[in-house]
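The values are calculated or read from the model by the stated rules, or taken from the named source; none is laboratory data. What you are looking at is a predicted structure, and each value in this text was computed from that prediction instead of being measured. Positions of Cβ are backbone-derived with ideal geometry, glycine not excepted, and every protein chain shown enters the neighbour counts. Note: accessible area is taken over every heavy atom of the protein model, side chains too, but ligands, DNA and RNA are not part of it. Shrake-Rupley method; radii C 1.70, N 1.55, O 1.52, S 1.80 Å.
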Amino acid sequence: MHEAVADQAGDDAEPDLSVVFPAYNERDRLPGTVRETTRYLQERGLRFEIIVADDGSTDGTAAVVAAMADEVGDIDVLRVEENRGKGDAVRRGVLAARGRLILVADADGATPIAELERLEAALANGAEVAVGSRALGGPGIARRTRLHRRVMGRTFAWVVDRLVVSGIEDTQCGFKLFTRAAGHRLFRRSRIDGFGFDVEILALARASGVPVTEVAVSWYDIPRSRVSLVSDSAAMLAEVLSVRRRLREAPDS
């Protein structure tokens, strides 16, 4: 179901930026992230739209977001009744996006929205996909994360590097920027509905020659993560293996 909540500009002009938030039971965390994002983009004078891809939430996330329409402006809710997975939610959001650039960001705001400027610089230098990274360092980069998550993240990155996508230190950071052409092209070809969708998208980009740049961003571990380190990691590994098989059988599919 597509719920059009508001049209800030009142016309069909192309936004500079679409911000896609996948959300599952995020009624408590998402409103603050949306408000912070809106303030930042308004201060920059950007023309934007916010798309919340609700993944069958049962806590009233869609209603809470809809109630923010008068406050934050151009915001759409794309809702499905059943929980399908983050990959499905992001795919629906990206394919609905009208912006010249499309930012996919996590609902918890773990990466501050101002880090967008680092990704924009990568696209200005020729990339079509800019991948936020918690593994790379650099001037002004701040991190707060728990040890067990760093270990699990490094282990998963090692597996991905050897099986599917080499040379990217952090495929899973929930902060990625696409040109609209690249985003639509890649997500139309994607199949994975779970957390392994990031690997699939980057593998598809690599296979089709879409330029990808990994960019260091600040990141802060937010309590109450939606990712289970045991069950979701096992599912992600299975998804990574399915991507590897698919690309071996039909690299351009």
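For segment 51-121, the relative contact order comes to 33 percent (Cα pairs under 8 Å, sequence separation of at least 6). Each residue was assigned an accessible area with a 1.4 Å probe, and for THR33 the value is about 10 Å². Computed with a 1.4 Å probe on the full set of protein chains, the accessible area for MET236 sits at about 20 Å². The charge dipole of segment 73-133, taken about its Cα centre with unit charges on the Cβ of Lys, Arg, Asp and Glu (plus for the first two, minus for the last two), comes to roughly 200 debye.
Each Cα pair under 8 Å and six or more residues apart adds its separation to the average, and for segment 57-212 the resulting relative contact order is 34 percent.
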